[in-house]
Amino acid sequence: MLFSYLPIFILILLVAGFALATLFVSHALGPRRPTQAKLAPYECGIDPVGSARERFSVKFYLVAMLFIIFDIEIVFLYPWAVILSSLRLFGLIEMIVFLGILLIGLLYVWRRGGLEWTT
Amino acid sequence: MSQAGGPILSTLIVLPLLGVLLLTIVDGAREGLIKRLALAVSGLDLLLSLIVYVRFDPAQAGMQFVERASWIPSIGSSYFLGVDGISLPLLLLTTFLTPIAILASFSGIASRVKAYMICMLLLLSGMIGVFVALDLVLFYVFWEGMLIPMYFLIGVWGGPRRIYATLKFVLFTMAGSVLMLLAMIALAFLHQESTGQLTFDLLELIGGSISYGTQLWLFAAFGLAFAIKVPMFPFHTWLPDAHVEAPTAGSVLLAGVLLKMGTYGFLRFALPLFPEAAVAFTPLISALAVIGILYGALVAMVQDDLKRLIAYSSVSHLGFVMLGIFAMNVQAVEGSILQMVNHGLSTGALFLLIGMIYERRHTRMIEEFGGLSRTLPRFALCFLVVTMSSIGLPGLNGFVGEFLILTGTFRVHKGFAVIATLGVILAAVYMLWMWQRVMWGKSRRAENLTLNDIGCREMAILVPIILLILWIGLNPNPLLRRMDASVIHLLDGMRIAATSEVQIPPSPPFVKGGWGDLVRSAN
Amino acid sequence: MTATVPLSAYLILSAVLFVIGVIGVLIRRNVLVIFMAIELMLNAVNLTFVAFSRFLHSMDGQIIVLFVMAVAAAEVAVGLAIIIALHRNKESLNVDEINLLKG
Amino acid sequence: MELVLPQIDWAPFAPLIPVAIGGLTTLVTDLFLPPGRKYLIAILSLMAIAASILISIGLWGPILGSDLEMVRYGIHDAVVLDRFSLFFYLVLGLVSMLTILLSMGHLDTAAADQGEYYSLVLFSTLGMMLMAAGGDLIVIFLGLETFSLALYTLAGFWRTDLRSNESALKYLLLGAFASAFFLYGIALIYGATGTTMLRQIAAFLADGHPPAPLFMIGGGLLLVGFGFKIASVPFHMWAPDVYEGAPTSVTAFMIAGTKAAAFAAFLRVFLLALPALHVQWSMAIWVLAVLTMTVGNLVALVQDNIKRMLAYSSIAHAGYLLVALVAGGSSGVASILFYLVAYALMNLGAFAVIIALQGNEQERLLLTDYAGLGWQRPVLAACMAIFMFSLAGIPPTAGFMGKLYIFSAALEGHYLGLAVIGVLNSVISVYFYLRVIVIMYMSEAASPRPLVPASVAAVLAVVMSVLGTLHLGLFPAGLLDLARQSIAAVAG
Amino acid sequence: MPEGTFLVLMVAKIAVVFGLMLLSVAYMTWLERKILSDIQVRLGPMRVGPHGLLQPIADGLKLLFKEEIVPQAADRTLYLLAPVLALVPAFISFAVIPFGDRIRLFGQSIDLVIADVNIGLLYVFGVASLGIYGIVLGGWASNNKYALLGGLRASAQMISYELSLSLSVVGVVMLSQSLSLVQIVDAQARVWFIVLQPIGFIIFLICAVAEINRAPFDLPEAETELVAGFHVEYSSMKFAMYFMAEYANMITVSAMATTLFLGGWRGPWLPPVVWFLIKLYLFIFLFIWLRGTLPRFRYDQLMRFGWKVLLPIALVNIMVTAVFVALR
């Protein structure tokens, strides 16, 4: 089991090594002549206004929340999908109930305007 | 159902509740109607209780008018009512005093009449329940439930410090009684262990074999609850507060009936259930009773508030009752029961009288009065009779009770009896001194000279009590005769239950007959 | 090549993670960090379940982990919603400053 | 891989289904209802609960038969159908129904979203029912989480009210924290016994396996988790803040429902799976009970916000319930069941009065706001007084009978000390319950409170609760018999 | 097979695949520029080498020698780490995709897949979604408004489309009864899943484009709105790494589309590896073509499309497929 992942680990080491090495090489080779203007945040050439860490639209949070819920539902779908052929009708009904509830949730969010990006 | 054709005791309890229901649907603004309805209901209850009195069979020692119905079978509790010679006088006292208290409230209570009358009727129902319940749980339900209307009576219609007084009253009572509840449960389980039957039936539980050590604990728990209610000497501090703050009718019922529940509790429950422990506790309780007699009297002497004075006199009087109960012979116990009734009548009447004068002058301070006998002759006369009754003047009811108690006690605890006699003298001192300051001498306030004497309604309140005072004083036998069998039964039962190491004093031969016989038998 | 890692190692690891989560909840003041610490606790428990599942040769533990994950996700969603609602009304995520209700 | 499909017995799920469907339907219906007809949602949810109650009643006799110890299982042990479950289905149905009724007056114009609210109430009820009927620790956990998640949201339902936000946040953080402990306990028990099914755990231990340290720790962690949910000291710190900040109707629901569900599961786990730990648990719970009662009552003495006072009172009541748990035996368990019903009635009743008095206006919850109410609103105030007397345990009310059973169970189990501490505590409690009455009847309002027309639904809830409270106080035998029948399958 | 040989073969496979990936990534930039210029009727890079063939190498060298700038306000650690976080997942997700049938070489039987794990599909999704951290953290660590907004948009977009992406392949899983990519390819021996799952395929394709932030879903780096989005502050090799990650992701999703819907390496006459490469580059061409043809979505259109169109369709697709599979 674990053994089949060995190549992946080697690959990860390889890629990570490559990435770090590249970083290091570019760090070593590139020139460094920092100026105040160069190090300031880029705002199309004018002086930066305020901090970048300000509040952003609440919609992003909403998407995050919806994602978590639906993503976890999908987690349940995968094992079911693999063995659906053996589960037959039983599995089908179970999942239709499950997906039905999910759809009601989606419908609810939809009607409530949770999916509108513009207000 | 021994004699009666119907469940008369339940009717006694339920009738006031029906009255409550009736009152709730009456418009609160129609005060006259409400007052008359309440009076009618309580009067009806009085009539019913007179039927009980008439039909009561004095020869029977056991419970009469018994009603029994299944209530909570799983914990062995049933709806079990009955009356015997011990509870009958108190039952009558209750039904007699309540209409009077209601009548007395016609003028004293100006606001929230409807709620007031509802409370009075609830209280009536609860008080009757306490005296007729023969199942421990049922008794407890009435015992505690009755607190609710009393709590409102003091708290809503009371004097300036009513909230403090009412909370103190409830908390003191609760503190004692919850332990009693535990003791009741423990008793039932102990009984179950020995007999295999879980029951809260008082008659079943009496005579059970409980070890001496356990009896002491259980008796202590019961005793504490009752002693607080009586109230006995160290637990009495709630009483003056409650009395002073309560409205007149509240005081009447509090002094007249509620305090008797404590002494009744001792007789009905603590003694027969735990005879050996009762004997063991006798010295302590008798001593406390005597201390209470003297302490109450001495403190009463220095009061300048009439109500507070009467309140402390109650502590003293109930000391007599306790002393008599723990003498455990027939004279003393019957004297105690009689004295309970007497105290209810005389103290109730005193509170009524004080209420009447308070309605006129809005003060109860002794120093405010003086020379009232000239302006209020009828009032003064009534006051005199009642005061004499309270002191124990021969020919009035108080004398009979105290005499029986003292002679009964003298047989067994000479020392206590002698000291207690001192209490009688002190009572005469503080009562007469009070009467003198209020009724004689010069009036210290101009208002006193222009007061109206008591009118017809007020006479109607007082006359029945005074008649009863005289009747019991001159002919106590009808009442005493009804007690005999039950009291003897009670004391015999204790004697049988007690083992050799503790001794219930033997009863002297009891002579039946008229007033003369009674005095002879005491010698 | 398949060296067996003893069960105790997994259990100790998950216990340590759990305790780190507990400490995080107790000493950190930022709501989001506390929230993450709670998630850490849940995942530590998941590790325990999986380890036991493997050790006991029973699938139950792994299925339970799925349930727990779903629950944790729901908790996150609800939690985020609550935190946002709070943040809109009061611009602070420090639990010491969220003290309108006297504790 | 050979797949064995589980045998499914649908009967155990039957009472759950209408609640679940109701939860979904209310959510969807709300989306399509015009604003003027939103009250239909509450009606719909009431119907769902009523259906569940009817099914439970139907299951009681005909399906379970005359054998009191009859048990049926859903999928494996996931959901157990016995009289114990049914009893709690009924209790929770009652709680839910009263909650919906008292919410109807509370929500109308409070800018609340009706569909979500009732849907969450129903889902929360579903979770509670699942927890009460779970025969597997994981199902119990799922039930717990289901209702907790719904309650977190409900606690923060007044989104623009900072106090509501704060309540939700505190509930969430501490609730999730407690859940993690609970779950860890399950994990350790799973590790020690190889299963999470209560029956199999019991069988494992009965098989002669001594409880391993792992198992003991697991049991302890479960205790911590339950302790949090029933708000027992020292795991109670969330309760007052949460109860105070949440919308009043939600507080009522939480106080009554959570406790019933948590105790149901507590009892089942305690009695069915962990009798091996009885001695250790009893000692621990003894301490918890004493602490809970005492701290709850003492702190309640000094509260001047009525919700907060009731919150501490609910902590104290958890203590009384723990007394019965320590006492154990069939009397102890039956008394818990009885007390939970009484407790639900009197608490929901008290909250219904609070709501009926305030309608949907700005919350006026200081005790002093109730001054003079006894005469302004005689009927509601009288009901409030009855609930207070009941909470204080003064007869003839349900609260008294409940305490009577609990303390008699404690004495039957020879826990005299516990019983004495318990009754003394109830004397302390009399003080603060009576204070409410003192304020209502015996003090004058500084500025007379404007009269809010009480909503019919809230008044209905009040009346139902009062009748229930008095009925149980006067004729407790029926419910007690029911409780005794209900525990036959669990406590033997 | 002796362990030593096995290890050598494994390392060799890894090295070859990694090398080819790097090379492909480099030359895909050239390819893209060439194709785009053809579409736009211009020449594209011509100067460095014949037809600009050496352009990618020149670009690489140039970036390597560029000045490294770390903005003052940035979170230094995260700023440096973010590109690595983007790059690594992009390159390792290919590991489980079979690029050819089993071959015999030097007397050894070799699977043409780096690692055949039984949950290959989950592995790809899992690892690929890690890449989002590189983008969002890079955007956040730069401490620049454009970068932050770009990062947020990227994450919102990617998680939105990831749902439909994951749902679109559930049908495939149902049909193949496995999560191993090798077995999924085997299951397509008779008929490619594109035939059985046409809707799934289309959804997959759309979501794939969105996942790798390619036009018309390239909002996170939309020049006209956000300058360059999340990597506005990045320069030199760190910038290059984001670039490489994007192209590596293109390869991965193309390979996934091939494997899941087009029968992987299967095909007549030609050797399997060749078939695989043909299909792979078909998709890559498609992606470039899309870029040359389609205008960019507006952000609200993009989100609405994902949640209101793709997600419901994907769910319905699953239900329909499930009915067929269960009742077959």
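The values are calculated or read from the model by the stated rules, or taken from the named source; none is laboratory data. This structure is a prediction, so every number in the text was calculated from the model and none was measured. Ideal geometry is used to build each Cβ from the backbone, glycine not excepted, and the neighbour counts take in all protein chains shown.
Any idea which of D:Pro62, D:Pro34 is within 14 Å of chain A (Cβ to nearest Cβ), without any contact (Cβ under 8 Å) to a residue 24 or more places away in the chain and not basic (Lys, Arg)?
D:Pro34
Does E:Ser160 satisfy the criteria of being within 9 Å of chain A (Cβ to nearest Cβ) and either free of Cβ contacts under 8 Å to residues at least 24 places away in the same chain or within 26 Å of A:Phe9 (Cβ to Cβ) (or both)?
Considered against the rule, which asks whether it is within 9 Å of chain A (Cβ to nearest Cβ) and either free of Cβ contacts under 8 Å to residues at least 24 places away in the same chain or within 26 Å of A:Phe9 (Cβ to Cβ) (or both), E:Ser160 comes out as no.
Checking the condition among the hydrophobic types (A, V, I, L, M, F, W, C), under 21 Å from D:Ile186 (Cβ atoms) and free of Cβ contacts under 8 Å to residues at least 24 places away in the same chain, which residue from D:Leu40, D:Leu142, D:Leu130 passes?
D:Leu142
If we only count helices (runs of 4 or more DSSP H) wholly inside the stretch D:412-492, which ones have 3 or more residues that are at the interface with chain B (Cβ under 8 Å from one of its Cβ atoms) and free of Cβ contacts under 8 Å to residues at least 40 places away in the same chain?
Fully inside the stretch D:412-492 and qualifying: D:416-442.
How many residues are assigned to a helix (DSSP H, G or I) and among the β-branched types (Val, Ile, Thr) when one looks only at the stretch E:63-90?
Qualifying residue count for the region: 3.
This table checks each residue for (1) at the interface with chain A (Cβ under 10 Å from one of its Cβ atoms); (2) farther than 28 Å from E:Val25 by Cα; (3) assigned to a helix (DSSP H, G or I).
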{"site": "E:Met174", "(1), (2), (3)": "yes, yes, yes"}
{"site": "E:Gln183", "(1), (2), (3)": "no, no, yes"}
{"site": "E:Val191", "(1), (2), (3)": "no, yes, no"}
{"site": "E:Gly200", "(1), (2), (3)": "no, no, yes"}
{"site": "E:Leu205", "(1), (2), (3)": "no, no, yes"}
{"site": "E:Ala215", "(1), (2), (3)": "no, no, no"}
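Got a number for residues in the stretch B:253-285 being polar (S, T, N, Q) and surrounded by 24 or more Cβ atoms within 10 Å (Cβ to Cβ)?
Qualifying residue count, the stretch B:253-285: 1.
Please determine, by comparing only the residues of the stretch B:77-97 that are among the aromatic types (Phe, Trp, Tyr) and in a strand (DSSP E or B), which one is farthest from the chain's Cα centre (by Cα).
Taking the stretch B:77-97 and keeping what is among the aromatic types (Phe, Trp, Tyr), we get B:79-80, B:96.
Next, from what is left, pick out any that are in a strand (DSSP E or B): B:79-80.
Details: B:Tyr79: 24, B:Phe80: 22 Å.
Restricting to residues being among the aromatic types (Phe, Trp, Tyr) and in a strand (DSSP E or B), the top hit is B:Tyr79.
For D:Ser232, all conditions in the list (1) without any contact (Cβ under 8 Å) to a residue 24 or more places away in the chain; (2) not in a helix (DSSP H, G or I) hold save one; what is the number of the exception?
So the condition that D:Ser232 fails would be (1).
List pairs: first residue in the stretch B:165-188 and facing chain D (nearest Cβ under 7 Å), second residue of a type in the set (D, E, K, R) anywhere in the structure, Cβ distance under 8 angstrom, at least six positions apart or on different chains.
Qualifying pairs under 8 Å: B:Met174/B:Glu144.
Being touching a Phe, Trp or Tyr at 6+ places or on another chain (Cβ under 7 Å), of a type outside the set (A, V, I, L, M, F, W, C), at pLDDT 85 or above and loosely packed, with under 13 Cβ neighbours inside 10 Å: is that true of B:Arg482 here?
On the way: touching a Phe, Trp or Tyr at 6+ places or on another chain (Cβ under 7 Å): yes; of a type outside the set (A, V, I, L, M, F, W, C): yes; at pLDDT 85 or above: yes; loosely packed, with under 13 Cβ neighbours inside 10 Å: no.
In short, no.
Among the residues of the stretch B:372-402, write down those that are surrounded by 19 or more Cβ atoms within 10 Å (Cβ to Cβ), of a type outside the set (A, V, I, L, M) and over 18 Å from B:Ser313 (Cβ atoms).
B:Phe379
So, in the stretch C:1-47, exactly how many residues are part of a helix (DSSP H, G or I) and touching a Phe, Trp or Tyr at 6+ places or on another chain (Cβ under 7 Å)?
8
Residues of the stretch E:285-315 being more than 9 Å from every other protein chain (Cβ to nearest Cβ), under 14 Å from E:Leu165 (Cα atoms) and surrounded by fewer than 20 Cβ atoms within 10 Å (Cβ to Cβ), which ones?
E:Phe305, E:Val309, E:Ile313
Return yes when A:Ala81 is surrounded by 19 or more Cβ atoms within 10 Å (Cβ to Cβ) and modelled with pLDDT under 85 and no when it is not.
Numbers: surrounded by 19 or more Cβ atoms within 10 Å (Cβ to Cβ): yes; modelled with pLDDT under 85: no.
No: the conditions fail for A:Ala81.
Does the stretch E:137-154 include one or more residues that are modelled with pLDDT under 85, within 28 Å of E:Pro198 (Cα to Cα) and not polar (S, T, N, Q)?
yes
Return a yes/no flag: does the stretch E:102-110 have any residue that is surrounded by 16 or more Cβ atoms within 10 Å (Cβ to Cβ), at pLDDT below 85 and within 13 Å of chain A (Cβ to nearest Cβ).
yes
Let me confirm something: among E:Val136, E:Val195, E:Val173, which residue is buried (at least 22 other Cβ atoms within 10 Å of the Cβ) and either more than 23 Å from A:Tyr61 (Cα to Cα) or more than 19 Å from the chain's Cα centre (by Cα) (or both)?
Numbers: E:Val136 fails: either more than 23 Å from A:Tyr61 (Cα to Cα) or more than 19 Å from the chain's Cα centre (by Cα) (or both); E:Val195 fails: buried (at least 22 other Cβ atoms within 10 Å of the Cβ).
Result: E:Val173 is the single residue among E:Val136, E:Val195, E:Val173 that is buried (at least 22 other Cβ atoms within 10 Å of the Cβ) and either more than 23 Å from A:Tyr61 (Cα to Cα) or more than 19 Å from the chain's Cα centre (by Cα) (or both).
Among the residues of the stretch D:165-179, is there at least one that is assigned to a helix (DSSP H, G or I) and away from chain C (no Cβ under 12 Å)?
No, the stretch D:165-179 contains no residue that is assigned to a helix (DSSP H, G or I) and away from chain C (no Cβ under 12 Å).
When both residues are 6+ apart or on different chains and their Cβ atoms are under 9 Å apart, which pairs have a first residue that lies in the stretch B:147-162 and is closer than 15 Å to B:Tyr358 by Cβ and assigned to a helix (DSSP H, G or I), and a second that is of a type in the set (Ser, Thr, Tyr) and modelled with pLDDT under 90?
Partner pairs satisfying both residue conditions: B:Trp157/B:Ser105; B:Trp157/B:Ser111.
The conditions are (1) more than 19 Å from the chain's Cα centre (by Cα); (2) within 24 Å of B:Leu468 (Cα to Cα); (3) of a type outside the set (Lys, Arg), and B:Gly344 fails exactly one of them. Which is it?
All conditions pass for B:Gly344, except number (1).
Looking at the stretch D:193-215 only, could you name the residues that are out of contact with any strand residue (DSSP E or B) (no Cβ under 8 Å at 6 or more places or on another chain) and buried (at least 17 other Cβ atoms within 10 Å of the Cβ)?
Once the filter is applied, which keeps residues that are out of contact with any strand residue (DSSP E or B) (no Cβ under 8 Å at 6 or more places or on another chain) and buried (at least 17 other Cβ atoms within 10 Å of the Cβ), the stretch D:193-215 yields D:Thr193, D:Gly194, D:Thr195, D:Arg199, D:Gln200, D:Ile201, D:Ala202, D:Phe204, D:Leu205, D:Pro211, D:Leu214, D:Phe215.
Would you confirm whether or not the stretch D:426-443 contains a residue that is under 28 Å from D:Gly328 (Cβ atoms) and surrounded by fewer than 24 Cβ atoms within 10 Å (Cβ to Cβ)?
Filtering the stretch D:426-443 for residues under 28 Å from D:Gly328 (Cβ atoms) gives D:426-430.
Going one step further and asking which of them are surrounded by fewer than 24 Cβ atoms within 10 Å (Cβ to Cβ), we end up with D:427-428.
Yes, some residue in the stretch D:426-443 is under 28 Å from D:Gly328 (Cβ atoms) and surrounded by fewer than 24 Cβ atoms within 10 Å (Cβ to Cβ).
Please pick out the residue among D:Ala392, D:Ala344 that is closer than 19 Å to D:Ile255 by Cα, hydrophobic (A, V, I, L, M, F, W, C) and within 9 Å of chain B (Cβ to nearest Cβ). Give the derivation first.
On the way: D:Ala344 fails: within 9 Å of chain B (Cβ to nearest Cβ).
The match here is D:Ala392.
Within the stretch D:1-16, does at least one residue satisfy the condition of being at pLDDT 90 or above, in a loop (DSSP other than H, G, I, E, B), buried (at least 22 other Cβ atoms within 10 Å of the Cβ) and not acidic (Asp, Glu)?
Scanning the stretch D:1-16 turns up at least one residue that is at pLDDT 90 or above, in a loop (DSSP other than H, G, I, E, B), buried (at least 22 other Cβ atoms within 10 Å of the Cβ) and not acidic (Asp, Glu).
Looking only at the stretch D:168-185, which residues are closer than 13 Å to C:Ser14 by Cβ and among the aliphatic types (A, V, I, L, M)? Before the answer, list the steps.
Just the residues of the stretch D:168-185 that are closer than 13 Å to C:Ser14 by Cβ, to begin with: D:180, D:183-184.
Within the stretch D:168-185, D:Ala180, D:Leu183 meet the criteria.
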